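Single-structure report; data block below.
The numbers here are math on the coordinates, done by the rules we state, and not lab data. As the structure is a computational prediction, the values presented were derived from the model and not from experiment. Note that we place each Cβ from the backbone using ideal geometry, even for glycine, and neighbour counts take in every protein chain shown.
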Amino acid sequence: MLDRIAKFFDRLDGDEATPAQDELPLAAAALLLEAARTDDTVTDAERTHIIAAVRSHFRLTDTEAATLYEEARAQTRGPSHLYDYVRIINDHCPPDQRLWLIEMLWEVAYADGALNDLESNLLRRLGGLLAVSDVERGAARKRVLERLGYPAD
């Protein structure tokens, strides 16, 4: 796992190799972190949601999920590679199979109990970049609100 993480981040720094399917979890974790960081802080609740989401979706061990989170955190501290991560998702997931990421992003956005304007804006932009319609994005948001026990607004 650590070798795959290192290769992924090496390529973001300039190597043009084709991304492997194993890099999908890394791109997803990085986008989830970008969503959590929109308000300049990552709360414990957001961190927990990110690790749980990637662990569950990608069937990782606790150690692999925590390592993935830490590597993505280190990588996303500098300039944003948002488009690199989106490209990896788009390369490996057909448009009709990208809602899982949108739902995970909504869960991270609501992990601290509130949605701020920056988080909402990022989700709208990512929906467009991932070719997820506003209707699908809105439906995903409603499912997440229901799952988390928050009232739909």
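Positive-end ranking of 41, 111, 27 along the dipole of the stretch 2-148, with charges on Cβ about the Cα centre, is headed by 111. 3J(HN,Hα) along the stretch 138-145, derived from phi through the Karplus expression 6.51 cos²θ - 1.76 cosθ + 1.60 where θ = phi - 60°, amounts to x, 5, 5, 4, 5, 5, 5, 4 Hz, with x in place of Gly and Pro.
Sorted from longest to shortest, the spans of the Cα atoms of the stretch 90-153 along the three principal axes equal 33, 22, 18 Å.
Per-residue packing, averaged as other Cβ atoms within 10 Å, sorts the ranges 35-45, 50-60 into the order 50-60, 35-45, beginning with the highest. Extents of the chain, taken as max minus min of Cα coordinates on every principal axis and listed largest first, are 44, 30, 29 Å.
Nearest 20 debye, what's the magnitude of the dipole of the chain about its Cα centre given +1 on Lys and Arg Cβ and -1 on Asp and Glu Cβ?
Working: 18 positive and 28 negative charges, 69 e Å.
In total the dipole reaches around 340 debye.
As a proxy for reagent exposure, 100, 106 were ordered by neighbouring Cβ count within 10 angstrom, fewest first; the result is 100, 106.
Projecting the Cα atoms of 63, 52, 144 onto the charge dipole of the stretch 42-153, computed from C-beta unit charges around the Cα centre, puts 144 farthest toward the positive end.
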